[in-house]
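What follows draws every value from the coordinates through simple rules; no lab data is involved. Computed from a prediction, not measured in an experiment: that's the story for all the values here. Backbone-built Cβ (ideal geometry, glycine too); neighbour counts: all protein chains shown.
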Amino acid sequence: TKLKIAVLVGSLRKESWNKKIANALIKLAPDMLEMETISIGDLPLYNEDLEADPPKEWVNLRTHLATFNGLLFVTPEYNRSIPGVLKNAIDVGSRPYGKNSWDGKPAGIVSVTPGHLGAFGSNHHLRQSLVFVNVPTMPQPEAYIGGVEALFDKDGNLSNASTKGFLEKFMAAFAKWVEINRKK
Ligand code: FNR
């Protein structure tokens, strides 16, 4: 049976480069992975008071996460960190106390920017939070996608052969990472 992977994208923008890279990653994924993008844009901002009667969007995320074997994060960098929308999703999934929906699910991170530093700050801030929620995050290969605007053709297809080859190798390594580290 296939390994189910939740794809979490840190941008809500319609023409998001991160969404385009996420779609390319889904196409390049090995057959053993079943990829599904999950939406995080509708989650009310985390407020511990709401745990008494949690918003349905929170409950949906928590129950949905339970069905996945692994996580693939594709994220921009906002002011050298992860966008608030992604941090909010991590916070929502990590609670109520003692019921952490992320627990033990192996993850991969791809950070994406039109800039030239590959969204390194975002990539590593995300790793910091994932350590705390007990998500084993693949160390290598790292994926910092800079200058993203130059990698796609006019029709929105990933056209840069070297990036395509790299992302294909990344997805093969990620599949192995999930297989080795998945909860039994
Ligand atoms: C940015 N951007 C940005 N880029 C970067 O490489 N490092 C950064 O720290 C920031 N900071 C930042 C803050 C805020 C609030 C915004 C809106 C943008 C630029 C960012 O990489 C660019 O807008 C990307 O296109 C965002 O990703 P999507 O939406 O195309 O996926």
Quiz prompt | Inter-site label distance for Lys2 and Ser162 at 7 Å from Cα along Cβ, in nm | solution = 3.2 nm
Practice problem: At a Cα cut-off below 25 Å, give the lysines reachable from Lys105, other chains included and same-chain residues fewer than 8 away excluded. | Solution: Lys2, Lys4, Lys19, Lys20, Lys27, Lys56, Lys87, Lys169, Lys176, Lys183, Lys184
Practice problem: Give the percent of DSSP beta bridges with both residues in region 3-181 that are antiparallel, rounded to the nearest 5. | Solution: 10 percent
Quiz item: What does the convex hull of the Cα atoms come to per residue for region 3-181, in Å³?
Solution: 107 Å³
Quiz prompt | Efficiency of FRET from Cβ geometry, Asp153 and Asn47, R₀ 30 Å, rounded to 0.05 | solution = 0.10
Exercise. Would you work out the relative contact order for region 1-139, in percent, from Cα pairs under 8 angstrom that are 6 or more residues apart?
Key: 28 percent
Exercise. Please determine, in degrees from 0 to 90 and to the nearest 10, the orientation of helix 161-181 with respect to the longest principal axis defined by the Cα atoms of the chain, where the helix direction is its Cα long axis.
Key: 30 degrees
Quiz prompt | Computed label-point distance, nm, for sites Asp31 and Asp103 using a 7 Å Cα→Cβ extension | solution = 3.6 nm
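Ratio of Rg to Rh for region 30-100, alpha carbon only, Kirkwood?
That ratio equals 0.99.
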Quiz item: So what is the relative contact order for region 57-184, in percent, with contacts set as C-alpha pairs under 8 Å and at least six apart?
Solution: 27 percent
